[in-house]
Amino acid sequence: MPIAATLKEQLDRYAIVYEAQHHHYSPTSSARTAEVAHVPGHQLAKAVVLKRNDDSYLMMVLPADHRVQLGQLHQLLGEPVGLATETELQNIFTDCDPGALVPVGSAYKLETLVDRRLLGEAEVFIESGDHQNLLKLSGNEFRRLMATAEPVDATKHL
């Protein structure tokens, strides 16, 4: 599946211009995907899905070479959050391969936070929903795609 159906609908709805880029299969971390795809880690957006105490979810979109600082996020949100389980992720991202999360929360009706660093990039790559394809977007197109996301600073470089 080159592009998850839910993501494709969102891209089409907002007329987002992108370029599909195929790469060798990489079922591991986003940082490894960046390496296999020959993409700088700071330009590959990855998704981390978090679960609130009320059992709702939110997505954090951050560079592949960063990790979420949960303590900072707790302070920003005013509540504790934890990582969603693999089963929960499969129930949300039904049209994606396991572990190939699309970093466009709005397409999946998820409140989304985005790391400010990504919003400043000239080009951003996103997972397409499988382990062999990325989508390359200009910085402007990525910012349009993230228009409803809240910019935050709650990550740390690996």
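The values are calculated or read from the model by the stated rules, or taken from the named source; none is laboratory data. What you are looking at is a predicted structure, and each value in this text was computed from that prediction instead of being measured. FYI the Cβ positions are ideal-geometry reconstructions off the backbone, even for glycines, and counts take in every protein chain you see.
Beta carbons closer than 9 Å, at least 6 apart along the sequence or on distinct chains, pair a first residue in region 94-113 that is more than 22 Å from ARG144 (Cβ to Cβ) with a second that is surrounded by 20 or more Cβ atoms within 10 Å (Cβ to Cβ) and among the aromatic types (Phe, Trp, Tyr) for ALA100/PHE93.
One line per residue, one yes/no per condition, for (1) at pLDDT 95 or above; (2) under 11 Å from the mean Cα position of the chain (by Cα):
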site	(1), (2)
ASP115	yes, yes
GLY120	yes, no
GLN132	no, no
LEU135	yes, no
ARG143	yes, no
GLU150	yes, no
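Taken over region 60-80, the residue count meeting the criterion of being among the β-branched types (Val, Ile, Thr) and in contact with a helix residue (DSSP H, G or I) (Cβ under 6 Å, 6 or more places away or on another chain) is 0.
Quick check on region 21-36: of everything there that is of a type in the set (A, V, I, L, M, F, W, C) and within 16 Å of the chain's Cα centre (by Cα), which residue is nearest to ILE126 (Cα to Cα)? Checked region 21-36; the qualifying residue nearest to ILE126 (Cα to Cα) is ALA34. In region 114-158, the residue that is surrounded by the most Cβ atoms within 10 Å (Cβ to Cβ) out of those that are of a type in the set (Ser, Thr, Tyr) and not in a loop (DSSP other than H, G, I, E, B) is THR155.
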